[in-house]
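To start, the structure itself, in structure tokens.
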Amino acid sequence: MGPNDSPSPARRREPAVIETERLLLRPLTRDDVDHMVTLHADPEVARFVPTFTRAQAYARLAEIEGQWTERGHGLCAVELKETGEFIGRCGLNHWDVFDEVEAGWTFQRSSWGRGYATEAARACVEWGFRRLDAPYFTAMIHPANTPSERVAQRLGFTPLREDHFLGHDVLVHARYRPGHEKR
């Protein structure tokens, strides 16, 4: 299937990797290309994350699938448990440039303010600490993205450094593995 092909309507549903009280998180695949394009097309969402053409989304999803295969973790589609509706993406992404694993989250505007980002990201971080040997996870947040800053604080992330990434200044926060806190 190429970037201009649509997923089959009878697409098999991927099993959840992480389940919370309200959410199911499963690995993102190239079949999620329409979800990614739509999510990132909202101007309010795109204030802090890039927009994607269909081809760019397809290529990014292929990278995510590769990370799941090679590293055993990656970004997940977040779906409402009750309805199966796609509401965003969340997960752990390894960035070679920093040799760090970032906990990231992006949600549809219609789902903001309901605690989904905190619920999903908390579950991903806990899942990651059980499965990976990373001493900490980062969260790269645009300085003006106050809602994501609040999510990071609720999850126990603390400021680590300022950096420049993908053409933007970011504040990098860290959540240390219990017992490995920065001294």
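The values are calculated or read from the model by the stated rules, or taken from the named source; none is laboratory data. These numbers were taken from a predicted model, which means no experiment stands behind them. Here the Cβ is made from the backbone with ideal geometry for all residues, glycine too, and neighbour counts use every protein chain on show. In case anyone asks, the SASA skips ligands and DNA or RNA and just uses the protein heavy atoms, side chains included. Shrake-Rupley method; radii C 1.70, N 1.55, O 1.52, S 1.80 Å.
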Net dipole in debye of region 29-165 [+1 Lys, Arg Cβ; -1 Asp, Glu Cβ; about Cα centre; nearest 20]: 340 debye
Residues whose placed amide H lies under 5 Å from that of GLU102, excluding near-sequence neighbours: ASN93, HIS94, TRP95, THR138
Within the accessible area of the chain (1.4 Å probe), percent carbon and sulfur: 50 percent
Expected-Rg normalisation [2.2 N^0.38 Å, Cα atoms] applied to the chain: 0.99
Shape of region 40-83, Cα gyration tensor, a/c cut at 1.5: oblate
Potential extension, HIS164-LEU132 segment - 0.36 nm per residue separation minus Cα distance: 8.9 nm
Anisotropy class of region 105-172 from Cα gyration tensor, a/c 1.5 cut: oblate
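Could you work out the mean projected area of the convex hull around the alpha carbons of region 9-87, in square nanometres to one decimal?
5.8 nm²
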